[in-house]
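The values are calculated or read from the model by the stated rules, or taken from the named source; none is laboratory data. This structure is a prediction, so every number in the text was calculated from the model and none was measured. Neighbour counts run over all protein chains shown; Cβ positions are idealised from the backbone, glycine included.
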Amino acid sequence: MGVDGVRDVAQAAPEALLIATHMDAVNHARINRADLRKFAEAEGLMSRLFLLEDGEELECL
């Protein structure tokens, strides 16, 4: 998924939290962490986006 897909999901589900995984970990990734972070900052999505680092885990309660 590229930034257009992220934008579409964010708009379709305005209350949802977005979780980006497998960033920079697979050779078919369409976008890297740095570019997704820049996009999310420009679009005002950083409060809704969890951009996990390699090996990072997210615990949902």
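Does Met1 meet the test of being assigned to a loop (DSSP other than H, G, I, E, B), surrounded by 15 or more Cβ atoms within 10 Å (Cβ to Cβ) and modelled with pLDDT under 90? The answer is no for Met1.
Inside region 15-36, can you point out the residues that are closer than 17 Å to Arg48 by Cβ and either at pLDDT 90 or above or surrounded by fewer than 13 Cβ atoms within 10 Å (Cβ to Cβ) (or both)? Selection gives Glu15, Ala16, Leu17, Leu18, Ile19, Thr21, Leu36. Of the set (1) modelled with pLDDT of 90 or more; (2) surrounded by 13 or more Cβ atoms within 10 Å (Cβ to Cβ), all apply to Ala12 but (2). Look at region 28-52: where a residue is at negative phi and a partner is of a type in the set (Phe, Trp, Tyr) and surrounded by 13 or more Cβ atoms within 10 Å (Cβ to Cβ), sitting 6+ places away or on another chain with Cβ atoms under 8 Å, you get Ile31/Phe39; Leu45/Phe39.
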